[in-house]
Amino acid sequence: MNDSELDNVLNTWKAPAPPLYLRASIRAGYATLTPKARRRFRLSFWAIALVSAAFLVAVTAAFSKTVNLLARPAKIPYIVETHTNTYNRDGSLHREIQMSSYIRNGREIILSRTPGNPLVTFAIRNLNAALSPLFSRVDPHRWAEFVASGCSNDGTVVGHETVLGYRTTVTEHLSPSHDVGDVLHDGRIITLWQAPDLGCFDLKMVHEQQNSDGTYRLVEERHAFKVIVNP
Amino acid sequence: MRERAFLQLFDDHHAALFRFAYRLTNSSAEAEDIVQECFLEILRPGNAYDRRRTRIRTYLYGVVRNQWLKRRRNSSITDPAPDPIDDRSPESDLLASEAQDAIVQAIGRLPDPQREALILAHYEQLPLAEIAAILEIEVGAVKSRLERARARLRESLAAYAPPQRSAK
């Protein structure tokens, strides 16, 4: 069989004509495909939104306390501006820090800190505010009880003083020197001036550490110099 | 793409694409599906057609071919039963149908690369360069596939060659 003969044989295989309805079918496909894609996108969008909303509702129901704390914009009841000095062993000044902060559920929330990188301060402030309710070891109920007691059921009450117009309870927290493994930890005394009206914020704090001869040296002191209520 | 332009494109190319799909699949139903899928492919956002690089006809043949290959991969059935031949007169019926069945079977037995090259070259009369573009191979490879396909068909369809005229 030569090429021409093969071609003649092959030519006897006729393909049918495409059906007439194919055009209508394609036209219908055109009419539906684009809106269909749009509809599909819209459906997907709403489906995702619905699932997300359901998930949020479920999480809220399961962890209502935590979510409330996170979701609700934290209303800052007051801001205390404090000045803190830390001292070296020889008594010289080591560092000065100025902070704006307040107490929420027993946790001090730092709003600003000087000196410090503004970005780091911003990060600390926001992370602190967002995460402290989750990771704070302070039991809010116990803290509420502490505030209700006039800041007096922890440590030894040594008196009451007024600082910046706020009545404070002065408590001493004594921690004797003790061994932890091979390390001897110095004894320390922390004295706090805590204001019940400010959620037991310590408007003044003195931290002293015990020397080897039994005397105490100043390690850190802080005092508030301004209180802003409902900032 | 506007509907008018889309339908014009369909009118220009669907008959050839249907023929090509029909000869690849040997089924009108399959060919319809493939052609439909081929045209709807153009409407899909992000389709690969680039008018600066490829002629639309070449692209469409390529889509048909890919659809066919995809269907073959997804189906365990290699070839569907051929469509019945129903538009022939009783007199020519037997011989024509017999010859056509033989051709369909012979082409169907060709390896896929030879089969698609043969259909595009012989039945669609496309130039070798365009076939090469559709099959994404070199022109030399198209030629070689065609030669092998035709050699096989010569053997398998020898019985259907027209009888040699004796010299008077």
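Does any residue in the stretch B:1-14 that is more than 17 Å from B:ILE34 (Cβ to Cβ) come within less than 7 Å, Cβ to Cβ, of a residue that is assigned to a helix (DSSP H, G or I) and not aromatic (Phe, Trp, Tyr) six or more places away or on a different chain, and which pairs are these?
B:MET1/B:ILE42; B:MET1/B:LEU43; B:LEU7/A:ARG27
With the requirement that a residue be among the hydroxyl-bearing types (Ser, Thr, Tyr) and either at pLDDT 95 or above or touching a Pro at 6+ places or on another chain (Cβ under 9 Å) (or both), what does the stretch B:141-157 give you? Full working, then the answer.
At the first step, the residues of the stretch B:141-157 found to be among the hydroxyl-bearing types (Ser, Thr, Tyr) are B:144, B:156.
Passing the criteria: only B:SER144.
Any residue at all in the stretch A:91-110 that's open to solvent by 90 Å² or more (accessible area, probe 1.4 Å), on the phi < 0 side of the Ramachandran plot, part of a helix (DSSP H, G or I) and at pLDDT below 80?
No, the stretch A:91-110 has no match at all.
Picking from B:LEU128, B:LEU95, B:LEU118, which residue would you name as being within 12 Å of chain A (Cβ to nearest Cβ) and at pLDDT 95 or above? Please lay out each step first, then the result.
Numbers: B:LEU128 fails: within 12 Å of chain A (Cβ to nearest Cβ); B:LEU95 fails: at pLDDT 95 or above.
Result: B:LEU118 is the single residue among B:LEU128, B:LEU95, B:LEU118 that is within 12 Å of chain A (Cβ to nearest Cβ) and at pLDDT 95 or above.
Filter the stretch B:33-60 down to residues that are facing chain A (nearest Cβ under 8 Å), more than 26 Å from A:THR12 (Cα to Cα) and hydrophobic (A, V, I, L, M, F, W, C) and give me whichever is surrounded by the fewest Cβ atoms within 10 Å (Cβ to Cβ).
Residues of the stretch B:33-60 that are facing chain A (nearest Cβ under 8 Å), as a first pass: B:35-36, B:39-40, B:43-45.
Subsequent filtering for residues that are more than 26 Å from A:THR12 (Cα to Cα) retains B:36, B:39-40, B:43-45.
Checking which are hydrophobic (A, V, I, L, M, F, W, C) leaves us with B:39-40, B:43.
On the way: B:PHE39: 26, B:LEU40: 18, B:LEU43: 15.
Per the criteria, the residue is B:LEU43.
Return the total of residues in the stretch B:6-20 being closer than 30 Å to B:ARG109 by Cβ and within 9 Å of chain A (Cβ to nearest Cβ). First the steps, then the outcome.
At the first step, the residues of the stretch B:6-20 found to be closer than 30 Å to B:ARG109 by Cβ are B:13-20.
Those still in the list that are within 9 Å of chain A (Cβ to nearest Cβ) too: B:14-15, B:17-20.
Counting residues in the stretch B:6-20 that are closer than 30 Å to B:ARG109 by Cβ and within 9 Å of chain A (Cβ to nearest Cβ) gives 6.
May I ask you to say which residue of B:GLU3, B:GLU30 is of a type in the set (Asp, Glu) and more than 10 Å from chain A (Cβ to nearest Cβ)?
Working: B:GLU3 fails: more than 10 Å from chain A (Cβ to nearest Cβ).
Of B:GLU3, B:GLU30, the one residue that is of a type in the set (Asp, Glu) and more than 10 Å from chain A (Cβ to nearest Cβ) is B:GLU30.
Any chance the stretch B:33-46 includes a residue that's assigned to a loop (DSSP other than H, G, I, E, B), within 22 Å of the chain's Cα centre (by Cα) and outside the structural domain of B:LEU135 (by TED's automatic domain parsing)? Quick ask: steps written out before the conclusion?
Pass one, the stretch B:33-46, residues assigned to a loop (DSSP other than H, G, I, E, B): B:44-46.
After this cut, where a residue has to be within 22 Å of the chain's Cα centre (by Cα) as well, the list is none.
Within the stretch B:33-46, none of the residues are assigned to a loop (DSSP other than H, G, I, E, B), within 22 Å of the chain's Cα centre (by Cα) and outside the structural domain of B:LEU135 (by TED's automatic domain parsing).
I'd like the full set of residues that are at pLDDT 80 or above and more than 17 Å from A:PHE201 (Cβ to Cβ), limited to the stretch A:119-156.
Hits for the stretch A:119-156 are A:HIS141, A:THR156.
A:GLU161 - would you say it is at pLDDT 80 or above, over 18 Å from the mean Cα position of the chain (by Cα) and either assigned to a strand (DSSP E or B) or not aromatic (Phe, Trp, Tyr) (or both)? Lay out the reasoning, then the answer.
Numbers: at pLDDT 80 or above: yes; over 18 Å from the mean Cα position of the chain (by Cα): yes; either assigned to a strand (DSSP E or B) or not aromatic (Phe, Trp, Tyr) (or both): yes.
Yes: the conditions hold for A:GLU161.
Limited to the stretch A:183-231, what total is found for residues that are modelled with pLDDT under 90, of a type in the set (Lys, Arg) and open to solvent by 70 Å² or more (accessible area, probe 1.4 Å)?
1
The values are calculated or read from the model by the stated rules, or taken from the named source; none is laboratory data. Quantities reported herein were computed from a predicted structural model and do not represent experimental measurements. Every residue, glycine as well, gets a Cβ built from its backbone with ideal geometry; the counts of neighbours run over all protein chains shown. Surface areas here come from the heavy atoms of the whole protein model, side chains and all, with no ligands, DNA or RNA. Shrake-Rupley method; radii C 1.70, N 1.55, O 1.52, S 1.80 Å.
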